[in-house]
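Notes to accompany the following structure.
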Amino acid sequence: MSQSQTQCAHHQAVVSCDLTGVPSPDTPCKRCQHPKENWFCLSCKDIFCSSSVYGHFIQHYQETKHCLCVNCSTKSIYCCSCSKTLDVQVIQQLWVKGRSTSSKLESIDAMIVDVIDLLSMPFPSINVHPQLDAQSFVGQDELALAKEGLQKIFDNGLIAVADPKVQEKFLLYSATLLSAESCPSELKVNLSSFRCNLSEETSAFIKAQDELKVTSDLSASITQKKFVVRQQTSKYDEVKKEIVASDEKVSNFKAMIKELEAQIKRLEACLATEESNRANNDEAIDSIEKQVTTARDGLVSDLAQVSSMEGSTQAANELVARKQSDWDNLKLSFTKFA
C-alpha cells in the first residue's frame, strides 16, 4: 500500500466514523472465514480478507464500489478507489477543528433557504396614491365667489374636506350655489346629498386612507427587508467561499507540518495567519447571521400582518374608489354648471 495521506476524494465519509466499533483483529472473513489480515468495510460493516490472503475485500469493492475499509489490527484506513492509506488520527484532528464551523454553515444554509422561500411569497401590490383632476375658475359676484371657493375646495381633493374650517366654507359656498336659480337640478341633488352626509363621507375617506397608508408602509418595509436579505445572502456566499478555502489551507498546512518537520516553523507561521483570517471570517459570519435572522423575523412578521390585512385593504380600496367616484361625479356636475 502507498504512503499514508491525510485526505482523498472519498475521505469525508471517514471523519465522522466511530472507529471504536471496528471488530477485533481475529474476526474472520465473511467469505473464507480466514481470521487474519482482515478489513472492515465502512459502508456495509462486513469483514473481508486482504489481498495478501484471498483478496476478498478487493472483490467486494469491485462488486459494490464500497471503497473505504479499516484494518482490524492497525485501525488504518485504506481507499481502494484512490489506492491511498489514510492517517485516521490526523483526519479526526482536522475534523474536530472544522466541525463547529461546518455546523454553523449548515445552520445558516438552512436559514438562507427559509428566507429565500419567504422572498418568493407574493404580497399585495396596492395603489395608495389615487390621482384627482383639478381645474380653476375665477368669478366676480357672490355666486361667482361661491363657485370660486367651491372650485378651490374641489381642487384640494376630498381629503381637504376633513378640516372643519374647510367644511364650514363648503357648507357656506354650497348653500349660496343651491339658492341660485341657475344651479342645475342634478348638481343641487348631488350637493344636497353630500352636505347631509359631509361628516360621514370625510370620516370614511380618511379612515380608508389611513388603512392604505399602513399597507403602503408595510410594503415599503418588506421591500427594504428583502433588499437586506439579498445583500447579506450575497455577502454570506462570498464569506462562505473564503471559509471553505481557509479550511482547505489549514488542512494542508497541518499535513505539511506532520510530513515535513524540517519546515515546521514556516508552516506554523502560515497556519497562524490563516487562523487569524479564520477568526475574521467567523466574526463576519456572526454579523451576517445576526442580520439575516433579524431580517427574516421581521419579514415573517410583516408578511403575516399584510396577509391578515388583505381583506380590510381590499374593502378600503373599494370604499375609496366608491367615494372618489361620487366626488368625481359631483365635481363633473359642478364643472358643467360653472
query = Of these, Glu268, Glu274, Glu259, which one is open to solvent by less than 30 Å² (accessible area, probe 1.4 Å) and closer than 26 Å to Leu86 by Cα?
reply = Glu274
remark   = Counting only residues in segment 292-304 that are buried (at least 16 other Cβ atoms within 10 Å of the Cβ) and of a type outside the set (Lys, Arg), the one farthest from Ser221 (Cα to Cα) is identified as Val292
inquiry  = Just to be sure before I move on: is Phe253 assigned to a helix (DSSP H, G or I) and touching a Cys at 6+ places or on another chain (Cβ under 6 Å) in the structure I sent?
reply    = yes
ask   = Within segment 206-216, is even one residue of a type outside the set (A, V, I, L, M), open to solvent by less than 40 Å² (accessible area, probe 1.4 Å), part of a helix (DSSP H, G or I) and under 30 Å from Ala295 (Cα atoms)?
value = yes
inquiry  = With the requirement that a residue be without any contact (Cβ under 8 Å) to a residue 40 or more places away in the chain and either surrounded by 17 or more Cβ atoms within 10 Å (Cβ to Cβ) or more than 27 Å from Asn280 (Cβ to Cβ) (or both), what does segment 217-237 give you?
reply    = Asp217, Ala220, Thr223, Gln224
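The values are calculated or read from the model by the stated rules, or taken from the named source; none is laboratory data. Every value quoted in this text rests on a predicted model; they were computed, and no experiment measured them. With ideal geometry, Cβ positions are generated from the backbone for all residues, glycine too; neighbour counts draw on all protein chains shown. We work out accessible area using only protein heavy atoms, side chains counted, and drop any ligands, DNA or RNA first. Shrake-Rupley method; radii C 1.70, N 1.55, O 1.52, S 1.80 Å.
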